1. Would you calculate a helix-derived [θ] at 222 nm for the chain, using -39,500 (n - 2.57) for each DSSP H run of n ≥ 4 and dividing by the full residue count, to the nearest 500?
2. With a cap of 12 neighbouring Cβ atoms within 10 Å, and only residues DSSP puts in a loop, list the GluC sites (Glu not before Pro) found in the stretch 246-342.
3. For the stretch 221-387, give the share of DSSP beta bridges that are antiparallel, in percent and rounded to the nearest 5; count only bridges with both residues there.
4. Using the Cα centre of the chain as the reference point, and only Cβ charges (+1 on K/R, -1 on D/E), how large is the resulting charge dipole? Debye, rounded to the nearest 20.
5. Roughly speaking, what is the stretch gain from Glu254 to Ala173, that is 0.36 nm per residue apart minus the C-alpha to C-alpha distance, in nm to one decimal?
6. In nm, give the distance between the simple-model label positions of Glu275 and Arg364, each being 7 Å from the Cα along the Cα-to-Cβ direction.
7. So which lysines pass the test for Lys93, namely a Cα distance under 20 Å, with those fewer than 8 places away in the same chain ruled out?
8. At a threshold of 8 angstrom on Cα-Cα distance, excluding pairs fewer than six apart, so keeping six or more, what relative contact order does the stretch 158-247 reach in percent?
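What follows draws every value from the coordinates through simple rules; no lab data is involved. Computed from a predicted model, the values in this text were never measured in an experiment. Cβ sites come from the backbone with ideal geometry, for glycine too, and all protein chains shown count toward neighbours.
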Amino acid sequence: MKILSINKFYFQKRGAEQYMFSLEDLLEKNGHHVVPFAMKDPQNVRADSDRFFVSRVELEHPRIGWNAVKAAGRLFYSFEAERKLADLIRAYKPDIAHLHNIYHQLSPSVLVALRAAKIPIVQTLHDYAYLSPSYGLFDHGAVCERVKPRRYIAAVMHRCVKNSYFASALDAAAYRYHALAGLDERLVDRLIAPSEFVKKKFAEWGRGAGKITVVPHFIDAAFYEPDLEPGPEIIYVGALSEEKGIGTLVAAMERVPEARLKVVGGGPLEKRLKEYVKAAALKNVEFVGQVKRHDALAMVAASRFVVIPSLSFETFGLAAIEAAALGKAVIASDIGALPENVVAGETGLLVPPGDIVALANAIRELGKNEPQIRRMGFVGRERALKLYNPADHYRKIMEIYHSVL
């Protein structure tokens with residue numbers, strides 16, 4: 001089968017790209033031909049089809065000028081993406097398209113090109129971009145569902161995008177246009193939710209009815225070197241950003257001076273967090289910075305247990321599954337899809353999101369119970385091997401592909 005893989009980035013940026021590359025590799029190993037389509041970028045992985053990739057636009061820090069105009073236009077519709085995707089389809093003649101993230105760098109114009117060519121469309125929901133301009137459903141430090149359902153003016157009133165009236169208005173206008181033109185999930189044949197939570201959330205918003213199938217992400221646990229022996233430090237691996245709750249975790253460490261925390265990753269809060277640690281004279285928090293994935297996994301394997309203090313609606317929680325595969329217990333926030341992957345009392349502990357006291361108490365109690373840490377790590381790895389294996393994932397994806405073909 002020839003499968004068109006579409007995502008705005010074609011380099012390892014976040015969890016969506018990690019899953020995309022893992023899926024592409026799984027499909028290729030099973031004899032399929034994967035054809036990527038994305039945006040040009042110096043960081044991209046090399047692909048035979050990259051001559052069809054759309055030109056790069058900078059949306060995080062756009063400069064005033066033609067590029068800013070181009071970037072703003074692409075929020076609404078990209079004739080370039082439609083044209084180049086049509087050219088790619090004629091050149092490769094794919095049987096099916098598997099989409100990941102297309103807002104904002106590609107735009108829903110890719111759906112139009114696929115429909116015109118009568119290519120069946122499957123899409124994995126890595127975020128809530130179809131629901132809200134605030135596609136993580138998080139802004140101003142808290143979960144945000146103000147625009148539900150399709151009340152895009154609320155995004156402007158509350159500056160839900162980049163805390164900016166202008167950016168919020170631009171995104172809200174684009175979403176309103178897509179809704180009126182039908183340029184959204186209604187053009188997709190099948191939506192794949194990585195968790196029951198995502199499926200439920202879409203249903204709450206009245207979106208994707210009858211189209212959503214739950215297929216959790218996968219890991220090949222056999223390639224993870226487990227270590228059930230608790231190490232000396234607890235660990236956080238991820239972005240240093242507000243929605244990940246790293247601020248809650250660092251604050252909790254003030255209440256647990258006997259525990260030692262290793263923070264792996266970088267992000268917008270890094271400077272502020274380091275200043276906080278210095279001002280509070282915390283000796284039990286170490287910032288490692290960004291490291292290669294292999295090194296991060298090795299640090300997790302050597303840790304005591306993993307903490308995932310998210311404040312937002314995680315769509316899956318891959319970090320929890322990877323920790324389990326490495327034989328580590330997990331303390332996680334009771335929010336989003338995390339409770340589906342961290343079984344309270346069996347593979348880890350769940351705490352209310354943003355609750356500094358509850359998180360500190362959980363760290364203290366689990367930290368002094370080594371038999372429980374080992375038991376949770378063992379149970380977590382066995383569960384990861386059973387529920388998130390590549391063979392089952394491939395079978396479920398093939399069932400979806402064949403159903404739309």
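1. -12000 deg cm²/dmol
2. Details: sites: Glu254, Glu258, Glu270, Glu275, Glu286, Glu314, Glu322, Glu340; in loops: Glu254, Glu258, Glu314.
Of the GluC sites (Glu not before Pro), the ones in loops of the stretch 246-342 whose Cβ has at most 12 other Cβ atoms within 10 Å are Glu258.
3. Just about 0 percent of them are antiparallel.
4. It works out to roughly 980 debye.
5. 24.7 nm
6. 3.0 nm
7. Lys2, Lys84, Lys118
8. Working: 46 pairs, mean separation 15.6, N = 90.
Relative contact order here is 17 percent.
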